[in-house]
Amino acid sequence: MSIELAEDYRPSDDEPFMNDRQREYFRRKLLQWKDDILRESKETLQNLQNENINLPDIADRASSETDRAIELRARDRQRKLISKIEAAIKRLDDGSYGYCEETGEPISLKRLDARPIATLSIEAQERHERREKVYRDE
């Protein structure tokens, strides 16, 4: 079942929450995000493989190693992000996408558009961060 979306479609509070069009919009957004990350990762791997490791200058070699370490750390964060994207797609499939895991209330469309992997409403996220801060400060 393929749902047609206008190119300029944006989910709106004027329509039923998580209707077929909204779910399709977020599915496409998540899949595009995942594809972009995977493409960037492949480019990074190619660049790292093509890089000349045998730099004669120690400072150049150290700088190159630091750049590689930073790049690999960024790719590791993106790998974790891909698993969050896949979890969001599963929530789309099971019908729980867009609802706060803590309260069961709908997450605002603006929040989902900005952070499509969100699992908490803004209010629940703020409570979570306040609790986290209290535990860190103790």
Treating the angle as unsigned and between 0 and 90°, give the value, to the nearest 10°, between the Cα long axis of helix 20-50 and the longest Cα principal axis of the chain. 0
Cα convex hull of the chain, projected area averaged across orientations, nm²: 12.7
When T66, T44, T119, T103 are ordered from fewest to most other Cβ atoms inside 10 Å of their Cβ, what list results? T66, T103, T44, T119
Restricting to Cα pairs below 8 Å that are 6+ residues apart, what does the relative contact order work out to for the chain? Please round to a whole percent. 22
Binned at 10 Å from zero, the C-alpha pair distances of the range 59-138 give percents of 17, 30, 28, 17, 8, 1
Once every DSSP H run of n ≥ 4 in the chain is given -39500 (n - 2.57) and the sum is divided by its residues, what mean residue ellipticity at 222 nm do you get, rounded to the nearest 500 deg cm²/dmol? -23000 deg cm²/dmol
According to the square roots a ≥ b ≥ c of the eigenvalues of the Cα gyration tensor, what is the shape class of the range 17-97, taking rounded for a/c under 1.5, prolate for a/b larger than b/c otherwise, and oblate for the remainder? prolate
Using the Kirkwood radius over C-alpha pairs as Rh, can you work out the diffusion coefficient of the range 98-138 via Stokes-Einstein at 37 °C, viscosity 0.692 mPa s, in µm² per second? 309
Under a 5 Å amide H to amide H cut-off, with H placed in plane at 1.01 Å, what residues pair with Y99 once short-range neighbours are removed? I107
How many lysine pairs in the chain, separated by 8 or more positions in sequence or lying on different chains, have Cα atoms less than 15 Å apart? 7
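Read the figures in this text as sums done on the coordinates, not as results from a lab. Please read these numbers as outputs of a predicted model, since none were measured by experiment. Ideal geometry is used to build each Cβ from the backbone, glycine not excepted, and the neighbour counts take in all protein chains shown.
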